[in-house]
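Colleague: Questions regarding the structure given below will be posed in turn.
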Amino acid sequence: MKIAHVLSLIMALLLVLLAGIGYKRFTGDVAVGKRLAENNCGVCHDMTATRKHGKGPYLWEIHGRPAGVVDFPFSVAFRKFAEEKPFLWDEANLERWLINPVAFIPQTQMAKQTKDHPVSFDGIQSAENRRDLIAYLKSLR
Ligand code: HEC
């Protein structure tokens, strides 16, 4: 094989690799998101088709679901907010919620620590982690 052929083969392989990485960065990595969700949300949220509530509502089919419609004892603050300004859990709203739930819906229970439940949720700071998490949430159907 001529050196030029080898070089163009290497270039082609590199392009495919870079495109793959770019695609993953753009759409989010579901496998990474799953691990992040298990670590950051699993203690309060069931994410299986079992649809069992925990400290928070189940998250099966969360993407595209209207906020606060499942049969879960939402906080007064959350219920009021979702009644006055109904919205869907699309990517943009999930993103806002994951950055900081309290900035989205002041006084939501999601970020609150209680005596029985010392775990709280402080938001996902990394944009890359949020993208992976949202990719995973979208796969829950
Ligand atoms: C400390 C427990 C806790 C953790 C950790 C937690 N949540 Fe929640 N989540 C809640 C509670 C409680 C609510 C209900 C909020 C309310 O009623 O104010 C909620 C509500 C939600 C809702 C709204 C659901 C609906 O039906 O409208 C979404 C979406 C959500 N959480 C996603 C997540 C994701 C994703 C994570 C992980 C990155 C996470 N939560 C981590 C407790 C938690």
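Nothing in this text is a laboratory measurement; each read-out follows from the coordinates by a stated rule. Keep in mind it's a predicted model, so treat the numbers as computed, not measured. Using ideal geometry, Cβ is built from the backbone for each residue, glycine included, and neighbour counts are taken over all protein chains shown.
Colleague: Could you line up Thr27, Thr108 from fewest to most neighbouring Cβ atoms inside 10 Å? Working shown, then result.
Modeller: Values: Thr27 13, Thr108 19.
Least crowded to most crowded, the residues run Thr27, Thr108.
Colleague: With contacts defined as alpha carbon pairs under 8 Å and 6 or more residues apart, what's the relative contact order of the range 29-138 in percent?
Modeller: Numbers: 139 pairs, mean separation 38.3, N = 110.
Once divided by the residue count of the range 29-138, the mean separation gives 35 percent.
Colleague: Can you give the FRET efficiency for Ala127 and Asn39, using 1/(1 + (r/R0)^6), R0 = 25 Å, r = Cβ-Cβ distance, to the nearest 0.05? Spell out each step's value before the answer.
Modeller: Values: r = 17 Å, r/R0 = 0.70.
Plugging the Cβ-Cβ distance into 1/(1 + (r/R0)^6) gives 0.90.
Colleague: Here's another thing I want to ask about it. How many nm separate the modelled label positions at Leu7 and Glu61, each set 7 Å beyond the Cα in the direction of the Cβ?
Modeller: About 5.7 nm separates the two model spin labels.
Colleague: Run the paramagnetic zone check for His53: 7 angstrom along Cα to Cβ, then residues of the range 74-99 with backbone nitrogen under 11 Å.
Modeller: 74-75
Colleague: Still on this structure, please answer the following. How do Phe72, Phe26, Phe81 line up, fewest other C-beta atoms within 10 Å first? Spell out each step's value before the answer.
Modeller: Details: Phe72 13, Phe26 9, Phe81 20.
Fewest-to-most ranking of Phe72, Phe26, Phe81: Phe26, Phe72, Phe81.
Colleague: Here is a further query. Evaluate the charge dipole of the chain about its Cα centre and quote only its size in Debye, nearest 20, assuming +1 on the Cβ of each Lys and Arg and -1 on the Cβ of each Asp and Glu. Show your work: numbers first, answer last.
Modeller: Values: 19 positive and 14 negative charges, 32 e Å.
I would put it at about 160 debye.
Colleague: Of the options Leu15, Leu140, Asn100, report the single residue whose Cα projects farthest towards the positive end of the charge dipole of the chain (beta-carbon charges: Lys, Arg +1; Asp, Glu -1).
Modeller: Of the options given, the answer is Leu15.
Colleague: Still on this structure: Mind checking which aspartates and glutamates have their C-alpha under 17 Å from Lys34, skipping anything on the same chain fewer than 8 residues away?
Modeller: Qualifying aspartates and glutamates at Cα under 17 Å: Asp46, Glu61, Glu91, Glu95, Glu128, Asp132.
Colleague: Give me His45, His5 ranked fewest to most by other Cβ atoms within 10 Å of their Cβ, as a rough exposure proxy.
Modeller: Values: His45 19, His5 9.
Result, fewest neighbours first: His5, His45.
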